[in-house]
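The values are calculated or read from the model by the stated rules, or taken from the named source; none is laboratory data. The structure displayed is predicted, hence computed values, not measured ones. No Cβ is skipped: glycine too gets one built from the backbone with ideal geometry, and neighbour counts run over all protein chains shown. For the accessible areas, the whole protein counts, side chains as well, though only heavy atoms, and no ligand, DNA or RNA atoms are used. Shrake-Rupley method; radii C 1.70, N 1.55, O 1.52, S 1.80 Å.
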Amino acid sequence: MAELSKGYEPGKTEGQWYQSWESKKYFHASEDHKGQPFSLVIPPPNVTGSLHMGHALNNTLQDVLVRYKRMQGYNAVWIPGMDHAGIATQMVVERMLAKEGIKREQLGREKFVEKIWEWKAESGGMILGQQRRLGNSTDWERHRFTLDEGLSKAVRKVFVDLYQQKLIYQGHRLVNWCPRCVTAVSDLEVKHVETKGSLWHIRYPTEDGQGEVIVATTRPETMLGDTAVAVNPKDVRYKALVGKKVTLPLINRKIPIIADDVVDKDFGSGVVKMTPAHDFNDYETGLRHKLEQISIFDSHGVLNQNAGSFKGLKNPEARKKVLEALTDGGFLVKEEPHAMAVGKCDRCDAVIEPMLSDQWYVKIAPLAKPAIEAVESGKIKFVPENWTKTYLEWMYNIRDWCISRQLWWGHRIPAWHCKDCQHVTVSLVDATQCEKCKSSNIKQSDDVLDTWFSSALWPFSTMGWPEKTKALETWYPTNTLITGFDIIFFWVARMIMMGLHFMKEVPFHTVYIHGLVRDERGQKMSKSKGNVVDPLGLIEDFGADALRFTLVSLVGAGRDIKFSEDRLDGYRNFINKIWNATRFALGAVEGVTPVEPASAAELSLADRFIIYELERTIKSVTVALDELRFTDAAMELYQVTWGEFCDWYLELSKPVLYGQDSRAKERTAFVLHSVLMRLVKLLHPFTPFVTEEIYQKLPKHGESICLEKYPTLDDSFLKLGSKTSAQEISVIKAVVTGIRNIRGENRISPAEKIKARTVSTDKKMLEILSANLPFVTSLARLSELNLTSDLGETKKCAINPIAIGDSRLQVVVPLEGLVDLDEEIKRIQKEIEKAQKDLSLAERKLSQDTFVKNAPPEIVELEKTRQSQLTDRIKQLEQALTRLK
């Protein structure tokens, strides 16, 4: 066998193994493979992006799944790619050019887009190398970009087809407008930030000059675009004024007083201003009452000619000047503090301005209906299931999708406006003349499509649609989509709608939703908080395998992750534990030729135990991964590898491995190698690098662990295991652990040999211990172990009660001469005092109706369990104290 270095060094091996795997095309899938198809498409990261902790979690989960399926013999493909990220990419390049004193308008559209392509070739796609560093086993030969030729063809066909089916139309309506990005943005791209603002009360004189109404507003500058004031029809204070007019201060426009149920009688004075061109509620109210729509801002958020003398101002200067003018004119009544949610651009953080604009829309209802039915019928399943409700609530209330953006980078809308007859020609090929009047005086739309429009086609466009390809025939629909909850509406819902409409089939059958990666205190990671963790730095310091295993072990089902480096360090220790166990195994059987036993009878108790544990693990891990319970699978592997294999089996095997019985040594060597090889294969999807390195050092290895079969229950080796042997070992483990706990609690040196006795009325348990006395005395470091059914004298003794199934026993260790009994009494008294305080706190909580009724049921149950445990602990400590006195 080959030797392993003293310590595992991921930095020296990970890059080499990945390069080897990729060069040998281990991740490339063929449509001609005979295995059952299995497919995943990666949520395409932005071309501007770099790997963050969310990517690391998402990609690791997908990689675990696809490696597992590949090893099971599936024809598994994981399709990678990148999104062109319209706004984000344009902003990056604009900032780059600004450093050179160049504006995009100076270059013009064509040259600016060329600059972006140049930037992409030089700097874009950095994340692809970072994905390799993490260990992504994506089929790189199938890598796609949302602006590549094939996907652009798919996007244009979808747009043209939807337009011809009257599911895409142009409309003049209110949209979210970012004055910094100078484009419309969707509702989903607006973040609402709680802000301490003000509520200004403004006097609007009645038209006849005989009265007034007081209007409350959080945005006084928009009053320049007011076309009405409104009251609630049930508000008796203003009934006589409905139908009359007021004079708009500063502008002197006469505007009506209308009545509408949208007005909250208790907000401010009960009178609100109506600005249909700059507020979504006002816009809808304006449509009901046929109010005029007056836009007062231009595309950069600067006041225009409709703002009168305030033209040319931009917030916050515009607000300041309007308030000064209102004060000077005697119109401002008062200002009071007011907390509110301000909409901001998710990309650049600018305040969003509702604006009237000509945009392109998808008529969404006909597409949403089958997408709702697909989930309600169970054809698509969300994991965890609670996200089904979230998806359906949004889909039932979905609004038409604004798909146009006022950018230069992206899929340009294939629509040409005729300047002669005003007709719009929408075409698969670039139009040269108007399809209606044949004039060549036409101009293509300057707008591009929302980035999410092309992403919505991802599951089938990446496989070559609209062509009828073998990839589509083999792998569509995909099996599982793994993604974060934050893009259920941006992406998941739209993929379902587009997949059903164009492929007549759902794009995937299962949607696994994971949570966010937060810091160790549960706070969202952000640059402003300074708590952002760089996964690449972690990989550099701890290795990719340790990071991967940490993330998988913490993910749960839909829960957010509280990430800490302490956890990561713990799982790095796990990687090292596997490495050191392998070093021991290779060294212990050096020069020994493993011999396969003819039957289980030829094996030691420890051998039969570990084979049984291996069988149990294969079953539970397979079921967990099939059910997408990633954490359960990882924890099962952690427990069996560190606990059963490293801590117990290797220790229990040492007497054989270092003994004189050569035949027993040969059989144990066979078991040791066989179990280790299968454990390494089980772990490979989670920790691909260290398992490849170990695999290559084990005897009888193949070309690569990537090409191995995942362990199954259909394995003759597993027949050598024994449940009975595992139960017997559990008795040994319980007694040894009980004695070790007494050592720990009483601060007895692990090196000091001590006397102990085990007490039980269960003859079977005593027989098991008697048959394995050397194991117990060796592992527990005992000079003497008595087995008895009589408890005997317990004064100045430590007792540890143990339950093993339905059986009970007690481990008794005399303490006299081993510990300072006076100091031990003081320690136990302190521990009792602390436990009593904790118990008192728990009882106080549970006695409060507000806590029991209002706290989540699981928290209440946790407190009850804590109360019970503390009560038992105090009882045990008091008994221990009595014995020592």
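Observations on the model:
- Candidate set from segment 687-737 (those that are out of contact with any Gly (no Cβ under 9 Å at 6 or more places or on another chain) and acidic (Asp, Glu)); member that is nearest to Gln810 (Cα to Cα): Glu728
- Which listed residue, of Ala598, Ala624, is closer than 23 Å to Arg70 by Cα and free of Cβ contacts under 8 Å to residues at least 24 places away in the same chain: Ala624
- Qualifying residue in segment 14-33 (condition: charged (D, E, K, R), open to solvent by less than 10 Å² (accessible area, probe 1.4 Å), touching a residue at least 12 places away in the same chain (Cβ under 8 Å) and within 25 Å of Cys706 (Cα to Cα)): yes
- Those helices (runs of 4 or more DSSP H) of segment 526-620 in which 3 or more residues are within 22 Å of Leu698 (Cβ to Cβ) and of a type in the set (S, T, N, Q) occupy 565-588.
- Residue identified as surrounded by 13 or more Cβ atoms within 10 Å (Cβ to Cβ), at pLDDT 90 or above and not polar (S, T, N, Q) among Arg866, Arg873, Arg883, Arg827: Arg866
- The condition of being surrounded by 14 or more Cβ atoms within 10 Å (Cβ to Cβ), in contact with a Cys (Cβ under 8 Å, 6 or more places away or on another chain) and either farther than 30 Å from Asp762 by Cβ or of a type outside the set (Phe, Trp, Tyr) (or both) holds for only one of Val812, Val860, that being Val812.
- Test: residue in segment 99-117 that is closer than 19 Å to Pro43 by Cβ and either over 34 Å from the mean Cα position of the chain (by Cα) or open to solvent by 40 Å² or more (accessible area, probe 1.4 Å) (or both): no
- Residues of segment 224-248 satisfying the condition of being of a type in the set (Val, Ile, Thr) and open to solvent by 40 Å² or more (accessible area, probe 1.4 Å): Val236, Val242
- Pairing each residue of segment 326-348 that is surrounded by fewer than 15 Cβ atoms within 10 Å (Cβ to Cβ) with any residue that is assigned to a helix (DSSP H, G or I), provided the two are 6+ apart or on different chains, yields C-beta distances under 7 Å for Cys348/Met91.
- Here Thr510 passes the criteria (1) among the hydroxyl-bearing types (Ser, Thr, Tyr); (2) modelled with pLDDT under 95; (3) exposed (fewer than 15 other Cβ atoms within 10 Å of the Cβ) except the one numbered (2).
- Of all residues making up segment 121-151, the number that are in contact with a Gly (Cβ under 8 Å, 6 or more places away or on another chain), assigned to a loop (DSSP other than H, G, I, E, B) and open to solvent by less than 10 Å² (accessible area, probe 1.4 Å): 1
- Residue match in segment 361-383 (condition: over 30 Å from Arg629 (Cβ atoms), over 27 Å from the mean Cα position of the chain (by Cα), open to solvent by 20 Å² or more (accessible area, probe 1.4 Å) and aliphatic (A, V, I, L, M)): yes
- Yes/no for Glu615 being without any contact (Cβ under 8 Å) to a residue 12 or more places away in the chain, closer than 27 Å to Val66 by Cα and either open to solvent by 50 Å² or more (accessible area, probe 1.4 Å) or of a type in the set (Lys, Arg) (or both): no
- If the condition is being within 15 Å of Thr668 (Cα to Cα), touching a Ser or Thr at 6+ places or on another chain (Cβ under 9 Å) and polar (S, T, N, Q), then segment 574-625 contributes only Ser604.
- Set side by side, the residues Ser789, Ser778 differ, and just one is surrounded by fewer than 21 Cβ atoms within 10 Å (Cβ to Cβ) and farther than 30 Å from Glu590 by Cβ, which is Ser789.
- Search result, residues across segment 809-864 that are basic (Lys, Arg) and either in contact (Cβ under 8 Å) with a residue 60 or more places away in the chain or over 30 Å from Ser730 (Cβ atoms) (or both): Lys826, Arg827, Lys830, Lys834, Lys837, Arg844, Lys845, Lys853
- Listed by first and then second residue, the pairs with beta-carbon distance under 6 Å, at least 6 apart or on different chains, first residue in segment 627-638 and under 16 Å from Tyr571 (Cα atoms) and among the polar types (S, T, N, Q), second open to solvent by less than 60 Å² (accessible area, probe 1.4 Å) and part of a loop (DSSP other than H, G, I, E, B), are Thr631/Val555; Thr631/Gly556.
- Among the residues making up segment 727-747, those that are touching a residue at least 24 places away in the same chain (Cβ under 8 Å), open to solvent by 10 Å² or more (accessible area, probe 1.4 Å) and either part of a loop (DSSP other than H, G, I, E, B) or among the small types (Gly, Ala, Ser) (or both) are Ser730, Ala734, Asn746, Arg747.
- Residue selected from segment 524-541 under the condition aliphatic (A, V, I, L, M) and surrounded by 14 or more Cβ atoms within 10 Å (Cβ to Cβ), by the criterion nearest to Thr691 (Cα to Cα): Ile539
- Filtering segment 690-711 to residues that are farther than 21 Å from Ala669 by Cα and surrounded by fewer than 13 Cβ atoms within 10 Å (Cβ to Cβ) leaves Glu703, Leu707, Lys709.
- The lone exception for Leu57 - which of (1) surrounded by fewer than 23 Cβ atoms within 10 Å (Cβ to Cβ); (2) over 19 Å from Ala76 (Cβ atoms); (3) in contact (Cβ under 8 Å) with a residue 12 or more places away in the chain it fails: (1)
- Filtering segment 349-360 to residues that are open to solvent by less than 60 Å² (accessible area, probe 1.4 Å) and of a type outside the set (Phe, Trp, Tyr) leaves Ala350, Ile352, Glu353, Pro354, Met355, Leu356, Ser357, Gln359.
- Selection of segment 266-286 for residues being exposed (fewer than 15 other Cβ atoms within 10 Å of the Cβ) and either modelled with pLDDT of 95 or more or closer than 18 Å to Lys234 by Cα (or both) yields Asp266, Phe267.
- Candidate set: segment 542-568, residues that are open to solvent by 20 Å² or more (accessible area, probe 1.4 Å) and either touching a Lys or Arg at 6+ places or on another chain (Cβ under 9 Å) or modelled with pLDDT of 95 or more (or both); chosen: the one nearest to Arg132 (Cα to Cα): Phe542
- Meets criteria (open to solvent by less than 30 Å² (accessible area, probe 1.4 Å), touching a strand residue (DSSP E or B) at 6+ places or on another chain (Cβ under 8 Å), over 22 Å from Pro45 (Cβ atoms) and of a type in the set (Val, Ile, Thr)) for Thr183: no
- The numbered conditions (1) at pLDDT 90 or above; (2) of a type in the set (A, V, I, L, M, F, W, C); (3) open to solvent by 20 Å² or more (accessible area, probe 1.4 Å) are all true for Val819 except (1).
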